[in-house]
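One structure is given here, and the rest of the page talks about it.
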Ligand code: PAF
């Protein structure tokens, strides 16, 4: 940039005067500045004596390099106005000073052949002459075309800054990082001064200055390793005493809230890249952890022995911004006499490692004594969807499921809870409980996850030998054949028979039932039971044309009792 180059600055807020003064000191000619408010005009007078105060159009007309030091939301309108009035012309440089936006709002200037630049000094400005010194050595983020890059670098050099190249798309995040550091630090320090003052400390700012300066220095050089204090020591008693003392003063309740979320954020930061979830075993630990993180919760309930099916439930909610809580609990109340409660696979360590990979915040894995400190006196009674099929073969099963699901929902109070479609009858029962008891949450059903051969993933697949796994493929194959029957206009009964026939011809598979049931009510429309019993189905229902239904099977394969289903749509009447 040659000395004497004509520079104009529109906007005399906190940044504009610092830019104009620095360039003036570097030899540029400040041809004029514009200011809208009286305070801005006073600032211009004080920091830029002798520089003419002009209209925005006039500043533009006089300048070769024009800075738009206006609020982010005004850059585009000012640019368009100046292009229309001749204040921005082909060949001139037009730079704005916003952090969060790039070249987009300068589109009108580049459309007529002006050179747009986005320059952002990563500094806090006070609108006084101190700012000029602050610009020396200050990083200045720039976004420009490749062609305009030398111009951006020259301007940054004149300002005394250090260039930092940024892509257009990265600017909002870059700016969020800076705002989080510099702006929120101010909020935090003001809160901390209030707390010290309420504890009778005179001159709280000075009292905390050496500590704060040392902490900032350590954070910037050592990162999270520079952290000291009760959270890093795992001293929950002290943390709780802090929170209690803040909460005791109504004036400090906001501070208590900020303190809690920063304790949680500090714990997360200490966990580092591994994103290990908090693994909790008691209701009290869970209550505290939920309180510490005020985000809404998404809940995934499991009995552990996790596989890709469970992880798919977690992935559905992991990016929602909610905190994700996964429960791992083999619930004795849903297992009947002679069922596999004792042998059900329990693999907590592997489960937690798998959950760490998909972004889970809390794993709640209580012992039975914590969930049922005494035998339940009050029970949730499931409705008609609990008495057929699985409910008939496993008496008490759905009552046990609803008992534990109801308990966990009350403890965890999720905004969203996700369950898998493989347990379709369970989902209908849970949905009826949520509806009938007005539980304030959204239920989501996630599709079945299958291996590459089509076998529905299940923790009980762990019981199968390699040969039995191959035999178990017959379940999915049979369901697909049933679906083809329905798609081809066949009746529910024909579809169910087709499935049963296929299973009967499949070695190693002993079908227990095949059914077609309405997806909303779980009323059964067609049933095969091999002649044993009616499995609680007293009358078959007629499905509404166009409604959704499930084709379902249950079968014994080797040591494992497996269930599977597919969704079908009942043909609308022609
Ligand atoms: O679907 C399951 O794994 C269980 O039935 C559930 C919902 C976790 C309740 O124990």
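The values are calculated or read from the model by the stated rules, or taken from the named source; none is laboratory data. Given the structure is predicted, the values throughout are model-derived calculations rather than measurements. Cβ coordinates were reconstructed from backbone atoms using ideal geometry, including for glycine residues, and neighbour counts include every protein chain displayed.
The table that follows gives values for the structure above.
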{"quantity": "Residues being free of Cβ contacts under 8 Å to residues at least 60 places away in the same chain and surrounded by 22 or more Cβ atoms within 10 Å (Cβ to Cβ) - total across the stretch 399-426", "calculated": "2"}
{"quantity": "Within the stretch 79-111, considering residues that are in contact with a strand residue (DSSP E or B) (Cβ under 6 Å, 6 or more places away or on another chain) and assigned to a helix (DSSP H, G or I), the one surrounded by the fewest Cβ atoms within 10 Å (Cβ to Cβ)", "calculated": "110"}
{"quantity": "Qualifying residue in the stretch 381-391 (condition: over 26 Å from residue 518 (Cα atoms) and not in a strand (DSSP E or B))", "calculated": "no"}
{"quantity": "Selected residue [surrounded by 13 or more Cβ atoms within 10 Å (Cβ to Cβ), in contact with a strand residue (DSSP E or B) (Cβ under 8 Å, 6 or more places away or on another chain) and either under 22 Å from residue 464 (Cα atoms) or touching a residue at least 24 places away in the same chain (Cβ under 8 Å) (or both)] from 344, 372, 364", "calculated": "364"}
{"quantity": "Selection status of residue 300, modelled with pLDDT of 90 or more and within 16 Å of the ligand (Cβ to nearest atom)", "calculated": "yes"}
{"quantity": "Number of positions in the stretch 352-367 that are part of a loop (DSSP other than H, G, I, E, B) and either more than 16 Å from residue 305 (Cβ to Cβ) or at pLDDT below 95 (or both)", "calculated": "5"}
{"quantity": "Residue within the stretch 374-391 that is closer than 19 Å to residue 304 by Cα and within 13 Å of the ligand (Cβ to nearest atom) present", "calculated": "no"}
{"quantity": "Residue selected from the stretch 429-445 under the condition touching a helix residue (DSSP H, G or I) at 6+ places or on another chain (Cβ under 7 Å), within 13 Å of the ligand (Cβ to nearest atom) and in a helix (DSSP H, G or I), by the criterion farthest from residue 296 (Cα to Cα)", "calculated": "429"}
{"quantity": "Pick from the stretch 456-466, criterion more than 13 Å from the ligand (Cβ to nearest atom) and in a loop (DSSP other than H, G, I, E, B), ranking: surrounded by the fewest Cβ atoms within 10 Å (Cβ to Cβ)", "calculated": "465"}
{"quantity": "Enumeration of residues in the stretch 37-66 that are closer than 18 Å to residue 128 by Cα, touching a residue at least 24 places away in the same chain (Cβ under 8 Å) and not in a helix (DSSP H, G or I)", "calculated": "48, 51"}
{"quantity": "Qualifying positions in the stretch 227-253 - under 12 Å from residue 270 (Cα atoms) and assigned to a helix (DSSP H, G or I)", "calculated": "231, 232, 233"}
{"quantity": "Residue in the stretch 446-455 that is within 12 Å of the ligand (Cβ to nearest atom), outside any helix (DSSP H, G or I) and in contact with a strand residue (DSSP E or B) (Cβ under 9 Å, 6 or more places away or on another chain) present", "calculated": "yes"}
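Quick grid of which residues meet (1) within 15 Å of the ligand (Cβ to nearest atom); (2) within 21 Å of residue 287 (Cβ to Cβ); (3) not in a loop (DSSP other than H, G, I, E, B):
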residue	(1), (2), (3)
327	yes, yes, yes
333	yes, no, yes
336	yes, no, no
340	yes, no, no
350	no, no, yes
